[in-house]
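Asks: This is the structure I want to talk about, given as structure tokens.
Rule-based calculations on the coordinates, nothing more; no lab input. Keep in mind that what you see is a predicted model, and the values were worked out from it rather than measured. Glycine gets a Cβ as well: all are built from the backbone with ideal geometry, and neighbour counts include every protein chain shown.
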Amino acid sequence: MYQHHLQHISSFSSGSQFWGAFLGAFFAFVFGLIAYQITKRWERFVQHKNALVKLERLLNHHYNALAILEQLAADTSLILDQGKMTSNRFFDLKIPADVDLELASIDIINKFFSYQSYIDRHNINVSTFNTTLTRFEDLLIAGQPLHLANLEFTKKMLDGFKKELPSLAETAKSFLVLVRVHIAKIKMRDSFLYGVIRRQWDFDISKDEVVQETKKLEQEINQIQEDFKQGKIL
């Protein structure tokens, strides 16, 4: 009977060790899974912040490039009005691949897709117009006359292109303002806890915030232009 009692205690002890080891492994797995999810959420938050900064730089570049294109279009128009062909060529605007995949704001992503459609249309117009200029230039190089109808067609294409540039520049500017507001709001909430408790980072943005950020951006643009005129920027 004493031996049977020892066997019972041994069996109970073994069972306790088993369940203790099982529960230890289970809780370690659960906490490991939670830690993994927290880490991935934080990494996504950091990726989103970095993507906003990249987008801000991209839109700044596009806005400046569109100003150059407007001047180039005006110069080209003067040449065509004189009945001459030009070697001027326009350039398209690049958007890096997978920018939308790095963002985690539905509002920004939707605006990005809309903006991308405008840029795609601009790039198609640039390609079409440049091809037209090149073909007409080839005719002149080959010694063939450039008919007035061809010249008028080119001028008409350029007029349409010139009308779209200010609108596209304003679209880039508006999007840039929105991105800057998002960046400012992200910085105000740049904490580990905020980063890991959300899946997406959208904000309620008031008209006043947009107005204030627009004024700030315009002041920066005016200052850069003034510095350029004074030779401070080469």
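Asks: With the crude spin-label approximation of a point 7 Å out along Cα→Cβ, what separation in nm comes out for V53 versus R121?
Replies: Here the answer is 3.4 nm between the modelled labels.
Asks: A 18 angstrom limit on the alpha carbon distance is what I want to check against. Which of K163/K215; K54/K94; K94/K207; K40/K111 exceed it?
Replies: Working: K163/K215 25 Å; K54/K94 13 Å; K94/K207 30 Å; K40/K111 25 Å.
In this structure, K163/K215; K94/K207; K40/K111 exceed 18 Å between Cα atoms.
Asks: With θ taken as phi - 60° and the coefficients 6.51, -1.76 and 1.60, list the Karplus ³J(HN,Hα) couplings across the range 92-107 in order, rounded to whole Hz; mark glycine and proline as x.
Replies: The phi angles translate into 8, 10, 8, 10, x, 5, 6, 4, 5, 6, 8, 7, 9, 10, 4, 4 Hz.
Asks: Right, next: If we count every other residue with Cβ under 15 angstrom of N123's Cβ, Lys/Arg +1 and Asp/Glu -1, where does the sum land? Numbers along the way, then the final one.
Replies: Working: positive: R89, K94, R121; negative: D92, D120, E164.
So the surrounding residues net to 0.
Asks: So if each residue of separation counts as 0.36 nm, and I subtract the Cα-Cα distance between E164 and K84, what length gain in nm does that give? Intermediate values should be presented prior to the final figure.
Replies: Details: separation 80, 0.36 × 80 = 28.80 nm, distance 2.35 nm.
Result for the pair: 26.5 nm of gain on full extension.
Asks: For the pair D138 and H61, what calculated FRET efficiency results from E = 1/(1 + (r/R0)^6), where r is the Cβ-Cβ distance and R0 = 30 Å, to the nearest 0.05?
Replies: Working: r = 32 Å, r/R0 = 1.07.
The computed FRET efficiency comes out at 0.40.
Asks: Could you give the length gained by full extension between A97 and I205, i.e. 0.36 nm per residue of separation minus their alpha carbon distance, to one decimal place?
Replies: On the way: separation 108, 0.36 × 108 = 38.88 nm, distance 2.75 nm.
That works out to 36.1 nm of additional length.
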